[in-house]
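For reference, the structure is listed below as structure tokens.
We did not get these values from a lab; they are worked out from the coordinates using the rules stated. If you're wondering where the values come from, they're calculated on a predicted model, not measured in any experiment. Please note: Cβ atoms are built from the backbone with ideal geometry, for glycine as well, and neighbour counts cover all protein chains shown.
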Amino acid sequence: MSMVEGTKKKVLFVATVDYHFKSFHLPYLKWFKEQGWEVHIAANGNLELPFVSKKYNIPIQRSPFHVKNIGAFKELKAIIDENNYSIIHCHTPMGGVLGRLAARQARKSGTKVIYTAHGFHFCKGAPLVNWLLYYPIERLLASYTDCLITINSEDYELAKRHRFKAGSIDHVYGVGVDLEKFQPVDRIRKNVLRRVEDFNTNNIMMFYAAEFNKNKNQQFLLKALALIKEDVPNAMLLLAGEGVLLDECRQLANELGLVDKVEFLGLRDDIEMLLRISDIAVASSLREGLPVNVMEAMACGLPIIATENRGHKELIVTNENGWILQHDDLDGFSTKMKELANNEYVRNRLGKMSRSLMESKYGIDTVLDQKIEIYSRYMQAEGERKWAVQ
């Protein structure tokens, strides 16, 4: 047996930050390891991740204009040139840009490059600057992509309609939700959990987990809650997450007289528990690909009130598992908050449909099967590639 034949096959996952893999991709890393492959990670950060043979901490930055991305590109290219990867799977905007550029030479030797677009920055309703900056980049880089994976119908149709020149364009149902971990609980169990966590069992709790930034738009939720604080005095808003606008949101809550009606929970690793004690999920973001926070809430059987964007429209069916409102419709949003807060029957009806929609196609097992089918296309040609490299 030659050295090339005896070498373990390698896959490289690339993203801007390493917690992206901890949050969304551990089942896929595990699957590759179970197939006997070496799993490598290249991203910014020092997290220890399971199922990983090698991890490279490289200084990828979110901003495409950050000077450190030049050094990150050089490091990433050196890693790719050294390791003779069979498959490289890129995630996040800058992980996708740097990964595909760094892999251009490797593709000539047979390396297959996959890119998952977790929501194009250019989309219906996006600012013109997004189309001017991100559209040409993604269109160009599609030529260096063997498989472009989209996670919502709008992005899939856009890539097809604009004839992105990737080897193939696929649509998968996001990253998958663990339907065993995220499950509904009945009212008795919900109240028990609330007592354990020191929350009032009589409150109507609305939950949103997201980074505090301009896109996630938590200020909208605070303003909507302020409109119903007198009519629904037991309404509570739970906000999990950190970010640059956290202090600004705290100040706004004070100004709106919501000090005793909003809990700023910080960064949490017990989202499933917080969803179980909640009655309603709310989502206010301006742009989403296919939001995991909404899918997890749906898996826990919660009705959803959300602002309009392509990701929310993919998941929420009006009057079936919730409602979608315009970004400037504070009155409409607060009216739906009040309606759900005052009607347990409607909450339960919509929540059951949320769970049913998740079970239909968004569970981790379903999405893993979709990804395995894609990965298998490129694994099957592995023997031919090895001989070609030799």
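Quick rundown of the values:
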item	result
Prolate/oblate/rounded label for the chain (Cα gyration tensor, a/c 1.5)	prolate
C-alpha center-to-center spacing [segment 129-186, segment 254-268] in angstrom	35
Local electrostatic count, V232, Cβ distance below 11 Å [Lys/Arg +1, Asp/Glu -1]	0
Label-reachable residues, segment 278-307, where backbone N falls under 20 Å from a point 7 Å from D365's Cα toward its Cβ	295-301
Net dipole in debye of the chain [+1 Lys, Arg Cβ; -1 Asp, Glu Cβ; about Cα centre; nearest 20]	1240
Relative packing of 47-57, 220-230, which averages over residues the other C-beta atoms within 10 Å, highest first	220-230, 47-57
Selection from L258, G174, H162 lying farthest towards where the dipole of segment 153-268 points positive, charges on Cβ	H162
Cα gyration tensor shape of segment 187-361, rounded if a/c is under 1.5, else prolate or oblate by comparing a/b with b/c	rounded
Difference of contour (0.36 nm per residue) and Cα-Cα distance, I70 to D186	36.5 nm
Sequence of H312, H121 once ranked by neighbouring C-beta atoms within 10 Å, starting from the fewest	H121, H312
Value of [θ]222 nm, deg cm²/dmol, for the chain, DSSP H segments ≥ 4, -39500 (n - 2.57) each, nearest 500	-13500 deg cm²/dmol
